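Enquirer: Input: one structure, supplied below.
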Amino acid sequence: METFVPDDNLVLKINDLMKKGFEIPNEKLTKNAKLVDDLGLDSLDAVDMLVFIEDEFGIKVDGEKMKSLRTMQDVYFLASDAIKKSTNKVI
Amino acid sequence: MRVFVTGMGAITSLGNSVESFFNGLVENQSGIKYFPEWENYVGLQTYVGGPVGDYNTSLLPRTVRRSMSRMSEMAVLATFQALEHAKFTDLKKLQSSRTLLILGSTSGSPFALETYFRKIFEKNGPQGQLSTSFFKIMNHSVAANVAAALEFNGSLLSPSSACATSTQAMILGWEMIKSGLYDVVIAGGADELHFLSAAIFDIVQAASRKYKTQPESSSRPFDQARDGLVVSEGAGIVVLESEAFAKARNATSIAEIRGGSYICDGSHMTQSSSSVMAQTMRYAIQRSDITQNEINYINAHATGTIQGDIEEARAIEEIFGDSVPVSSLKGHMGHSLAACGALEAIASIKMMEHDVLIPTKNLVIIDEECRGINLLQKIQNGRVKTFMSNNFAFGGMNTSILFSKV
């Protein structure tokens, strides 16, 4: 099975959103960081994360998919997948 | 049942503490600034306001801060000041069914409302709204956010009556403690400065328009050259306790609430009525245990509007003639809307403490129609044992509260 490797630029942009939006220091934003247990995010933050990603990349993300996010890697994948599905979107 | 003030907190356009606020009044400072960016708003003709200076809320956890707009931030800071002043160092002692928070604002955050509706119109729907948007615009935003910051598990009320809000909160607190239902009440109000707050008054021709090049010259309560009010922002919070509760924990009582009343005109939404103002003041005295002769200072609501100041002067004259010194503090700090009642009470309590009477700033030539009362134009020494503080709001909301020295 192919392992997803997020684009560096995408990781930088999403990490930046996380830092600014949720005051999370850079060193905590590893791909395996758990959104709830390690980064202290909750259900309200999940709503806001979706808004930040949509606004940053000009895309629409399926809100239902937010429910299955567990780690930062999941977030990178979600964003990357949504960008691919949008036309002419450049990370 | 006697009700005492044991703590006070203030965030104002003159300073972010009770001491800096009062010093600003004593030094005749102005908190009013010109806002050049307001000239870009079509139809707005007032460009002056009283902003609060920088403050720091970083000690609050992000999950508490995220639902706060400026008004809630200021209210939280003022509440912490008041609790510290009252020496409530162990907040767990507040977690009781006999503690009541009564906090309010004029409306939800105008900043958040602007952001919320701009997005609604841009997207033609709710897409893209942050989860915390509504928590900043709900009318009980201030109350709920202060409770969250305190981790307060007790009784909570959230009056919202514009300029009468915090005086209503204090009077209600007095009533609740006197009733025996509560031992402690934290009461007050907060509002934030936004061009929409100024627009409310500008639309009905009640905001100051002529002083953008000399903002410190407005507002000018009771003055012949007044041209309307100046909106400002801030938060004023007091801690009230029953005599028994304060004594049991050795609290220092700063002042005593002797009486208060809140009466609605039931007539015009914006035009105040001197007869109902007088009725409100009389009823406050009637509900107290003092006589009107014991009142030796009146803190007027007077905002600098042409008609409002006249109506209040007439009402005061009807009851007191020119026997009692009167001043308004809105020339110094502007009109902080929901915060003004608590802030003006706090300032008047400080006047009592320091035996000084603060005059009305920018009162150079008293309007002929306001000359029947004893208006202070210069700072002076004066022993105040009991003062009356008035606040009046749109919708015919009239309040009057009485405090005494202890």
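The values are calculated or read from the model by the stated rules, or taken from the named source; none is laboratory data. The structure presented is a predicted model; accordingly, all values stated were derived computationally and were not measured. All Cβ positions, glycine included, derive from the backbone under ideal geometry; neighbour counts span all protein chains shown.
Enquirer: Would you point out the residue of the stretch B:120-152, among those that are in a helix (DSSP H, G or I) and among the aromatic types (Phe, Trp, Tyr), that is farthest from residue B:57 (Cα to Cα)?
Expert: B:121
Enquirer: Can you pull out every residue in the stretch A:15-70 that is part of a helix (DSSP H, G or I), within 11 Å of chain B (Cβ to nearest Cβ) and either touching a residue at least 40 places away in the same chain (Cβ under 8 Å) or among the small types (Gly, Ala, Ser) (or both)?
Expert: If the condition is that a residue be part of a helix (DSSP H, G or I), within 11 Å of chain B (Cβ to nearest Cβ) and either touching a residue at least 40 places away in the same chain (Cβ under 8 Å) or among the small types (Gly, Ala, Ser) (or both), then A:21, A:43, A:46, A:63 are the ones that fit.
Enquirer: In addition: Do you know which residues across the stretch B:69-92 are among the basic types (Lys, Arg) and in contact (Cβ under 8 Å) with a residue 12 or more places away in the chain? Walk me through it before giving the result.
Expert: Taking the stretch B:69-92 and keeping what is among the basic types (Lys, Arg), we get B:70, B:87, B:92.
If the condition is that a residue be among the basic types (Lys, Arg) and in contact (Cβ under 8 Å) with a residue 12 or more places away in the chain, then B:70, B:87 are the ones that fit.
Enquirer: With respect to residue B:129, determine if the residue is surrounded by fewer than 20 Cβ atoms within 10 Å (Cβ to Cβ) and either under 30 Å from residue A:41 (Cβ atoms) or within 14 Å of chain A (Cβ to nearest Cβ) (or both).
Expert: Working: surrounded by fewer than 20 Cβ atoms within 10 Å (Cβ to Cβ): yes; either under 30 Å from residue A:41 (Cβ atoms) or within 14 Å of chain A (Cβ to nearest Cβ) (or both): yes.
When the stated conditions are applied, residue B:129 passes them.
Enquirer: Just for the stretch B:57-101: of the residues that are out of contact with any helix residue (DSSP H, G or I) (no Cβ under 6 Å at 6 or more places or on another chain), away from chain A (no Cβ under 14 Å) and hydroxyl-bearing (Ser, Thr, Tyr), which one is nearest to residue A:23 (Cα to Cα)?
Expert: Across the stretch B:57-101, the extreme among qualifying residues is B:89.
Enquirer: Let me ask another. State yes or no: is residue B:128 modelled with pLDDT under 95 and at positive phi? So that I can check it myself, show each step before the final result.
Expert: Values: modelled with pLDDT under 95: yes; at positive phi: yes.
It is true that residue B:128 is modelled with pLDDT under 95 and at positive phi.
Enquirer: Moving on to the next point. Of the residues in the stretch B:1-37, how many are modelled with pLDDT under 95 and touching a His at 6+ places or on another chain (Cβ under 9 Å)?
Expert: Qualifying residue count for the region: 0.
Enquirer: So which residues in the stretch B:231-281 are hydroxyl-bearing (Ser, Thr, Tyr), closer than 28 Å to residue B:30 by Cβ and in contact with a strand residue (DSSP E or B) (Cβ under 8 Å, 6 or more places away or on another chain), if there are any at all?
Expert: Residues satisfying the conditions are B:232, B:272.
Enquirer: Moving on to the next point. What number of residues within the stretch B:140-162 are surrounded by fewer than 18 Cβ atoms within 10 Å (Cβ to Cβ), out of contact with any strand residue (DSSP E or B) (no Cβ under 8 Å at 6 or more places or on another chain) and either aromatic (Phe, Trp, Tyr) or at pLDDT 95 or above (or both)?
Expert: The total comes to 0.
Enquirer: Can I ask one more? Taking residue B:210 as the residue in question, decide whether it is closer than 30 Å to residue B:80 by Cα, basic (Lys, Arg) and surrounded by fewer than 24 Cβ atoms within 10 Å (Cβ to Cβ).
Expert: Working: closer than 30 Å to residue B:80 by Cα: no; basic (Lys, Arg): yes; surrounded by fewer than 24 Cβ atoms within 10 Å (Cβ to Cβ): yes.
Against the criterion (closer than 30 Å to residue B:80 by Cα, basic (Lys, Arg) and surrounded by fewer than 24 Cβ atoms within 10 Å (Cβ to Cβ)), residue B:210 does not qualify.
Enquirer: What about residue B:56, is it assigned to a loop (DSSP other than H, G, I, E, B), farther than 16 Å from residue B:148 by Cβ and not charged (D, E, K, R)? Give the steps one after another, and end with the answer.
Expert: Values: assigned to a loop (DSSP other than H, G, I, E, B): yes; farther than 16 Å from residue B:148 by Cβ: yes; not charged (D, E, K, R): yes.
Taking the combined requirement at face value, the residue satisfies it.
Enquirer: Give me the pairs, please: first residue somewhere in the stretch B:317-340 and among the charged types (D, E, K, R), second residue anywhere and assigned to a strand (DSSP E or B), beta-carbon distance under 8 Å, and either six or more positions apart or on two chains.
Expert: B:322/B:374; B:330/B:229
Enquirer: Here's a follow-up. Just to be sure I understand, how many residues within the stretch B:89-114 are under 23 Å from the mean Cα position of the chain (by Cα) and farther than 24 Å from residue B:198 by Cα? Give the derivation first.
Expert: So the first thing to find is which residues in the stretch B:89-114 are under 23 Å from the mean Cα position of the chain (by Cα), and the list is B:99-113.
This time we only want the ones that are farther than 24 Å from residue B:198 by Cα, so: B:99-102.
The total comes to 4.
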